[in-house]
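Beneath this line is the structure, given in structure tokens, with notes to follow.
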Amino acid sequence: MRRILRVWIWGLSGGVLTTIAGLSVHHAIQGAEFRVYEVRFEGNTRSTSAQLRHLADVRTDQHLLAVDLDRAVTGVEQHPWISSATARLSFPSTVTISVDEHEPQMLLALTELWYVNKEGQPFRRALGNDLDYPILTGIDPDFAEANPELTSAIIGRSISLLESTDVAPLYGSGDISEVRFHTRVGFALILRGGTEIVLGFADPEERISRLSMMVDAGLDLSTPQHIDLVSEKVATAGPLPELEPL
């Protein structure tokens with residue numbers, strides 16, 4: 001009899017606990033405490049929270065545990081300024097999405113102007129009020145369309161070229177207005193003052209090192225001129241070539 005009583009009590013206790021657990025889960029799912037009241041964004045400066053909120057497509061008042069974080073991240077990464085994103089739940093009622101934005105390193109001139117990031121990837125059309133970056137010219141749009149891998153290599157080399165100018169006498173891309181590419185001549189830098197520095201296809205660091213020695217010997221880069229560093233043995237500086245009449 002006592003054994004039967006103990007079994008009955010244990011059964012009753014288990015049923016009560018199961019009921020309590022079920023009610024707790026039901027409350028957690030149906031209650032107001034764990035519903036989305038805010039979608040918060042971190043790291044965005046060029047993209048607006050309103051734009052990202054639309055792309056994330058997280059419904060207000062849905063249960064926090066029902067939010068598809070992967071889907072929200074995929075949506076946010078469709079924004080042209082967003083390089084990558086991560087998302088997390090912040091109990092009791094917030095979804096937090098952190099983003100990394102592209103940083104333009106230069107402009108690419110094709111049929112339109114494009115921003116290019118530090119990985120050498122064009123990522124969106126340039127804005128008319130934000131164009132103060134070196135511009136890569138000389139790539140024909142038809143050539144770019146027919147030769148995407150070679151075009152990507154040219155763009156990547158241009159980014160490396162800009163990075164290699166962060167030494168004397170140029171001190172970074174702030175002095176450079178244009179990177180000009182020619183299929184026969186190679187790469188040339190156009191300074192903001194008008195000076196043209198032809199580097200060719202060779203290692204830019206060696207060429208810029210020679211340019212530094214020329215400056216130490218008295219060469220004034222602030223005076224518009226044509227500097228040819230293509231040859232491994234001879235470097236020349238002279239007047240800019242005259243433009244042909246139209």
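Derivation of every value follows stated rules applied to the coordinates shown; laboratory data play no part. Bear in mind that the values here come from a model prediction, so they are computed numbers and not experimental data. In this analysis, Cβ positions are derived from the backbone assuming ideal geometry, glycine residues included, and neighbour counts consider all displayed protein chains.
For the range 106-238, the Cβ-based charge dipole about the Cα centre amounts to some 80 debye (Lys, Arg positive; Asp, Glu negative; other atoms uncharged). Taking only alpha carbon atoms, the range 38-101 gives an Rg to Rh ratio of 0.93, where Rh is the Kirkwood radius. The H on the amide N of Met106, modeled in the peptide plane, is under 5 Å from the matching H of Val116, each at least 5 residues off or on a different chain.
Between Glu149 and Ser49, the FRET efficiency from the beta-carbon distance, with R0 = 25 Å, is close to 0.10. Applied to the range 83-100, the Karplus parametrisation 6.51 cos²θ - 1.76 cosθ + 1.60 on θ = phi - 60° returns per-residue 3J(HN,Hα) values of 7, 7, 8, 9, 9, 8, 8, 10, 5, x, 8, 10, 9, 10, 10, 9, 10, 10 Hz, with x for Gly and Pro. Taken over the Cα atoms of the range 106-238, the convex hull encloses 105 Å³ per residue.
Charges were assigned to the Cβ only: +1 to each Lys and Arg, -1 to each Asp and Glu. The resulting dipole of the range 146-210 about its Cα centre is roughly 220 debye.
Report the antiparallel proportion of the DSSP beta bridges in the range 106-238 as a percent, rounded to a multiple of 5.
Values: 20 of 28 bridges.
In the range 106-238, approximately 70 percent of DSSP beta bridges are antiparallel ones.
Full extension of the chain segment joining Asp166 with Ser90 gains 23.1 nm, where the gain is 0.36 nm per residue of separation less the Cα-Cα distance.
Applying 1/(1 + (r/R0)^6) with r as the Cβ-Cβ distance of Ser212 and Glu77 and R0 = 41 angstrom yields a FRET efficiency of 0.45.
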